[in-house]
Amino acid sequence: MREAQAAIAAALLRGPDHLLAGLLAGDHAAVLRGLRVHANTISHARLVALEDTFPRTRDYLGEGEFNRLSRAFLDVGGAQGRSVAQIGAGFPDWVADPLAADLARFEWAWLESYHAADAPALALADLAELDEAALLARVVRCHPAMRVVTLSSAAAPLVDPGFARGVQALLVTRPDSEVRLLAVDGADVAALSMATEKAPLSNLMAHLAELHPYGGGAVAALIAAGAFERI
């Protein structure tokens, strides 16, 4: 069955001349009709999946423009080798409008965070009993549901009207069952990158104390947002 499905997929991608002889019953015209119906079904499912994945981007661009971009994305093979749930992974890079592209990147990050692996999040209460030395030595690691969307435009208010146009990046987290969102700056992003694997809190605090307007308090904000895994 898998070999047959792979052969049909190859024919849909490369053309009917690549279909293995005898794989489908009927004469050449019947086989072409069958492949055309199958291709249309797959294409429609992918278009619907893109609409469901990027509803805000679709609203911003308008149905006609979003549909045009979606079809062009599929026509050039943007969904090749991806399941319906994953075809949106490359779509934001296909969007030329900077605001729409940032909005699409946020929507994809939101979905990735929502579907990420479960893990307990580090909370401020976990640090309450630690003395200064133990606090500085505490090792942290980014939560598997944490995503950072670096913005190249003034798209933040499109994500949340409460965000200023000058917001540099968005932090997407899911410490419990609900996805959360926090506006962050370049110093926050750099601090989070330090904890991609593991890092002591002292490193993050020293970095943010030097570069962030809120100093060490920025670490507390990242922890409260659920950016780190409890390890």
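For (1) in contact (Cβ under 8 Å) with a residue 60 or more places away in the chain; (2) of a type outside the set (A, V, I, L, M); (3) surrounded by fewer than 17 Cβ atoms within 10 Å (Cβ to Cβ), each residue gets a yes or a no:
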{"site": "E107", "(1), (2), (3)": "no, yes, no"}
{"site": "A116", "(1), (2), (3)": "no, no, no"}
{"site": "L136", "(1), (2), (3)": "yes, no, yes"}
{"site": "H143", "(1), (2), (3)": "yes, yes, no"}
{"site": "S153", "(1), (2), (3)": "no, yes, yes"}
{"site": "P161", "(1), (2), (3)": "no, yes, yes"}
{"site": "G166", "(1), (2), (3)": "no, yes, yes"}
{"site": "N203", "(1), (2), (3)": "no, yes, yes"}
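Is it true that E129 is within 25 Å of D59 (Cβ to Cβ) and either surrounded by 14 or more Cβ atoms within 10 Å (Cβ to Cβ) or more than 20 Å from the chain's Cα centre (by Cα) (or both)? I'd like the intermediate steps shown before the answer.
Working: within 25 Å of D59 (Cβ to Cβ): no; either surrounded by 14 or more Cβ atoms within 10 Å (Cβ to Cβ) or more than 20 Å from the chain's Cα centre (by Cα) (or both): yes.
No; evaluated as a whole, the condition is false for this residue.
Taking region 13-128 as the region of interest, the helices (runs of 4 or more DSSP H) fully inside it that hold 3 or more residues being at pLDDT below 90 are 28-53, 63-75. Of all residues in region 68-78, at least one satisfies being under 16 Å from the mean Cα position of the chain (by Cα) and either crowded, with 18+ Cβ neighbours inside 10 Å or not assigned by TED's automatic domain parsing to the domain that holds V189 (or both).
For region 129-164, the set of residues classified as part of a loop (DSSP other than H, G, I, E, B) and of a type outside the set (A, V, I, L, M, F, W, C) consists of E129, D131, R138, H143, P144, S152, S153, D160, P161, G162, listed by residue number. Looking only at residues in region 207-223 that are surrounded by fewer than 16 Cβ atoms within 10 Å (Cβ to Cβ) and outside any loop (DSSP other than H, G, I, E, B), the one that is nearest to the chain's Cα centre (by Cα) is A220.
Of the listed requirements (1) in contact with a strand residue (DSSP E or B) (Cβ under 6 Å, 6 or more places away or on another chain); (2) among the charged types (D, E, K, R); (3) in contact (Cβ under 8 Å) with a residue 40 or more places away in the chain, R147 misses just one: (3).
The values are calculated or read from the model by the stated rules, or taken from the named source; none is laboratory data. Just so it is clear, the structure is predicted and the values come from calculations on it, not from any experiment. With ideal geometry, Cβ positions are generated from the backbone for all residues, glycine too; neighbour counts draw on all protein chains shown.
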